[in-house]
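Taking it in order: structure first as structure tokens, then the write-up.
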Amino acid sequence: MKRYLPWIALIAAASIPLWLHDPYILNAFITTGIFIIAAMSLNLLLGYTGQLNLGQVAFFGIGAYTSALVSLGFDVELIGGIRVVHEPWPVWTGLLIGIVVSAFCGYIVGKLSFRVRGAYFVIVTISFAEVVRLVALNWVELTQGPLALTSIPPVTLGLPGLGYYDFFSKQSYFYLVLGVLAISYIIISRLVNSRTGRAMVALKENESLAVSVGIDVTSYLVLAAVVSAGIAGAAGGLYAHYLKIIDPDVFLFLYTVTMVIMVVTGGKGTLAGPVVGGLIFGFIPVFSRSFVGPELQWIIYGVFMIVIVFVLPEGIVPAIEKWFASKDKSRMPESTQAQVQDAS
Amino acid sequence: MLEVRDLVCRYGKVEALKGISLSVKQGQFVALIGANGAGKSTTLRAISGVLSSAAGQLSFEGQDITRCSAREIIGRGIAHCPEGRRVFPDMTVDENLDMGAYLRPDRAGIEQDRERVFGMFPRLAERRQQVAGTLSGGEQQMLAISRSIMSRPKLMMFDEPSLGLAPNIVEQVFDIIDNIRKSGTTVLMVEQNAYSALEMCDYAYLIEAGVIVLSGTGEELIDNKHIRDAYLGGSGH
């Protein structure tokens, strides 16, 4: 049953645009979906290697800016009078290049910052995100600074023999986001269930022991950082081409915090955790808006968060799994139950 | 088999090892004894490549391993059974054993060794699917030893295998280590429990404040006056 759950969820999600025609709620699904992808990328680092990257939004923003700039084109003068002119390229190349550039930044940050762990790592990643935000704000020639990059083209896909299909309508964009989400989910689940994933879990559980069985800690952490940054970059690209405008505010610390909330409440270190947490915290503002004023919306958001963290400190998904496991146990014959108790 | 020459290790500015030399011969059981903080664990950590040394040479089977990574050293056949938190607590017994064989590519050989350790420790075989954190202290130590066996080492290094275990379990653990040695694996063991270690070993080194101050066969050291006074609780034994 558990094996089919992701597919059932995928089919259920795919049916949403068929019966839901309210554009406002569909819009909420799309932006929530984008943030779920970002939260999944954060979960790979936080949940499976135990490294808290509070600068994850940097990779999200880098993906957004790169994809937008590749598809808009730019003309900048670098130090020494070298002019770089880039003609607009098709949007899908922008998305791909955005992923590659983000992943590359993940590699650099990982290589440099995994020498330090714990609080130092957190500080390095926050600083990185802040530096990237300042670059986006001040390199006006490239990014338009606070004036924002506008008229970012929608995603179009050239189908051989069939002409172009553009993801302009909300329905089609929903499917695009869902597709990227599903691919990211598969990549992460393949990775964490492989030999590499076991090594990551081992080093999270007991780093010195992991080293002593021959796991090269830094290279696995860097690998996780690269995959995580690439997926965050994909989410950023989707975000840019959906909103069609981005400004340096995409690098705000608030967005990282949103991702952390989604991961921690849903259950870090589980595949479904960020999806569950993302749906809850993506939709609380949407639903609360219909019956309370804006000043109460965020209070409700905060209350939900505190209640979940207090009642289910490990997160929603692990709590559900534990509940099912304990139900299984109570169905066991008495002799095995005694053994289980003896064992613990 | 293993030669350590003038090994110096530092934690920041503190010099934990001030030039240690020792050697372990093929098939031998060598013990390293000394008080808390003398540098016993540091020595093992330096040999296994977890800690990099500031000066000195390490060689294994005639080849220089001073600059090798932990990964390469395990590949060459040195297993390290560290002290303290000995297992991966959220992994099952089986998964812990898999981690021990992490660098080995031969699936068939791994399964053979798994059966072998389950033969040695039937308790673990019963608990294959149990999460290691829920095992008793003695079972965890047996799992840690089994995990080291899974890397098919030529030299096994034990760091305080008796630490935190009940006396009757300690005896069992020492018996297991003795059996491992009898099966042909060379053993280097660090122990605070000096008397048991000296009784079991072929050769022993006494380390004090980062320096080797005495060495000799187990019997020689048991009879040594300094050791009797400082480590064996006077002449009572």
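Note on A:213-222: average number of Cβ atoms from other chains within 10 Å of each residue's Cβ is 5. Exposed loop sites here are trypsin sites (Lys or Arg not before Pro) assigned a DSSP state other than H, G, I, E or B and surrounded by at most 12 other beta carbons within 10 Å; excluding them, the longest clear run of chain A is A:116-344. First check a/c for the protein assembly as shown, with a ≥ b ≥ c the square roots of the eigenvalues of its C-alpha gyration tensor; if it is under 1.5, answer rounded, and if not, answer prolate when a/b is larger than b/c or oblate otherwise. The shape class here is prolate.
Sorting the segments A:232-240, A:24-32, B:88-96 by their residues' average number of neighbouring beta-carbon atoms within 10 angstrom, most packed first, yields A:232-240, B:88-96, A:24-32.
Structure remark: mean-square fluctuation, Gaussian network model of chain A, C-alpha springs under 10 Å; the largest value among A:Ala199, A:Ala38, A:Ala210 belongs to A:Ala210. Residue-wise HN-Hα couplings along region A:62-67, as the Karplus relation 6.51 cos²θ - 1.76 cosθ + 1.60 with θ = phi - 60° gives them from phi, are 5, x, 5, 5, 4, 4 Hz; Gly and Pro carry x.
Taking the longest Cα principal axis of chain B as reference, the axis of helix B:167-182 is set at about 90 degrees. Of A:Val292, A:Val177, A:Val109, which has the largest mean-square fluctuation in a 10 Å C-alpha GNM of chain A? Between A:Val292, A:Val177, A:Val109, it is A:Val292 that shows the largest mean-square fluctuation.
Of the chymotrypsin sites (Phe, Trp or Tyr not before Pro) found in region A:66-156, the ones in coil according to DSSP and having at most 15 other Cβ atoms within 10 Å of their Cβ are A:Trp139. Of all DSSP beta bridges confined to the protein assembly as shown, the antiparallel ones make up roughly 65%. Each of A:Ile261, B:Ile145 has some number of other Cβ atoms within 10 Å of its Cβ, and from fewest to most they run A:Ile261, B:Ile145.
Throughout, read-outs are computed from the coordinates displayed, never taken from laboratory work. All values derive from a computational prediction rather than experimental measurement. Virtual Cβ from ideal backbone geometry, glycine too; neighbours counted across all protein chains shown.
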